[in-house]
Amino acid sequence: MMRFCLTILFILPSVLGQAHDRTVLLAAHRAGWVEVLDPVTLQSLGSIRVLPQANGVTSDRTGFLFLREGLAPEFQGCCALYALDLKTREMTKLLEPVSEVAVSPDGGHVLTQRGPVGIEVFDVHSLQPEPAIPSSIAPGYYSLRFSPDGRLLFGTSNFPMPTLDILDFDQRKLVRRFSVPHDLTVVGAWVGNDYYLYGYRKGAGQLWRVKADNSALEAPVTINFPDEAPQCSWQVQELLEADNRLFLFELFGAKGDRRDGCAGAIPGGLLVVDPQTGRILAHLASDFHFASLISSADGKELYGVDVRDPSWKSVGVVRLNTGKVLAKRNLTSDV
């Protein structure tokens, strides 16, 4: 049963080893392979054999994939971090267990965590450990985003309390820590050169912009995320930036998908949000229930994994432009 398997798509050049670079989509399958998709038609271009229980794929866009795989030898638990060299197809185990993975903008460093015990760092070229950021400096369990220049690391954490930590990556030191009300769940995203912190609870959310000098959070604006099924548990929300626009969407397909056992229909899709006012400008693609959503390199198009039912019996990938469906395709339920 693959109902709790999460899917992430990333964009990478030269994945097929051709003489010229091309952009492709990558989809990790639990059966132990990464499917390569054409980003225009979404048709399969081939596959790369990996280990069983693949549970996510990240790229440095220069020749490595970073895969979260099942734990050897049974490959049942989750997850160990492996680096896959696309030229040699060799896999190197870096660390276990791990959670999210972040790659620096220059493709030189890959970051992950084994829990709220600090941040582990590896050199992409040598695949050797670099000095970690210890838990005394970074005590949270983070979702990590680099600043566009790669100098700063922004980490949102909901453990032990909702915070945003801004870290100087090179010096491995804390620049600033911001706390928000304890009843909020926090996520963050870059919109151009501005970082936004979003905290939400059942009913409403607040959006803060971090000042350019990172000295403070500006006054928050309120975002009223529409919920047509308030009786059905609580929403898990995520932010996405594309083409200097801010999108907010509900995540589906994970353990605790609130459609499971809910009598009412729950619309999906994504909201276009004005970050200056918090006003919702549009509700797009409400027929799709996204387990993951990314943008193309230029931000003009979006790609999402549509989980049509909580049991993952019907799954698809869709390509969108301002809410218009440009292409879609069914995928196997182990993606």
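Annotations
- Alpha-carbon centroids, the stretch 232-295 and the stretch 150-219: separation in whole Å: 20
- With all protein chains in place and a 1.4 Å probe, the accessible surface of the stretch 287-326 carries 46 percent carbon and sulfur.
- The stretch 51-100 versus the stretch 296-335: alpha-carbon centroid distance in Å: 23
- Evaluating kT/(6 pi eta Rh) at 37 °C and 0.692 mPa s, with the Kirkwood radius of the stretch 101-243 over Cα pairs in the Stokes-Einstein relation, gives 205 µm² s⁻¹.
- Chain lengthening between His182 and Phe75 when straightened (0.36 nm per residue, less Cα-Cα): 34.9 nm
- Using Cβ point charges alone (K and R +1, D and E -1), the dipole size of the stretch 242-335 about the Cα centre works out to roughly 120 debye.
- Charge dipole of the stretch 224-313 about the Cα centre (unit charges at C-beta), most positive-ward option of Gly261, Phe249, Leu239: Gly261
- Sites Asp170 and Thr62 - FRET efficiency at Förster radius 22 Å, r taken between beta-carbons, to 0.05: 0.65
- Across the options Gly205, Thr88, Ala219, the greatest Cα extent toward the positive end of the charge dipole of the chain (unit charges at beta carbon of Lys, Arg, Asp, Glu) belongs to Gly205.
- For the chain, the percent of C-alpha pairs falling in each 20 Å distance bin, counted from 0 to the bin holding the largest distance, reads 31, 63, 7.
- Hypothetical label at Leu281: residues of the stretch 222-262 whose amide nitrogen lies under 20 Å (7 Å Cα-Cβ projection): 222-226, 238-250
- Rounded to the nearest 10 square angstrom, Lys211 shows an accessible area of 90 square angstrom against a 1.4 Å probe.
- Cα-based shape type of the stretch 102-166, given that a ≥ b ≥ c are square roots of the gyration tensor eigenvalues and the cut on a/c is 1.5: oblate
- The mean of 1/r over all distinct Cα pairs in the stretch 197-308, once inverted, gives the Kirkwood hydrodynamic radius of 14.9 Å.
- Spin-label pair Asn214/Ser126, simplified geometry with 7 Å Cα→Cβ offset, distance in nm: 2.5
- The chain - charge dipole about Cα centre, Lys and Arg +1 at Cβ, Asp and Glu -1, debye rounded to 20: 400
- Of Lys255/Lys313; Lys300/Lys324; Lys173/Lys202; Lys93/Lys313; Lys93/Lys300, pairs whose Cα-Cα distance is over 23 Å: Lys173/Lys202; Lys93/Lys313; Lys93/Lys300
- Each 10 Å bin from 0 upward holds the following percent of the Cα-Cα pairs of the stretch 259-317: 20, 44, 29, 8.
The values are calculated or read from the model by the stated rules, or taken from the named source; none is laboratory data. Here the structure is a predicted model, which means the values were calculated and not measured. Using ideal geometry, Cβ is built from the backbone for each residue, glycine included, and neighbour counts are taken over all protein chains shown. Only protein heavy atoms, including side chains, enter the accessible area calculation; ligands, DNA and RNA are left aside. Shrake-Rupley method; radii C 1.70, N 1.55, O 1.52, S 1.80 Å.
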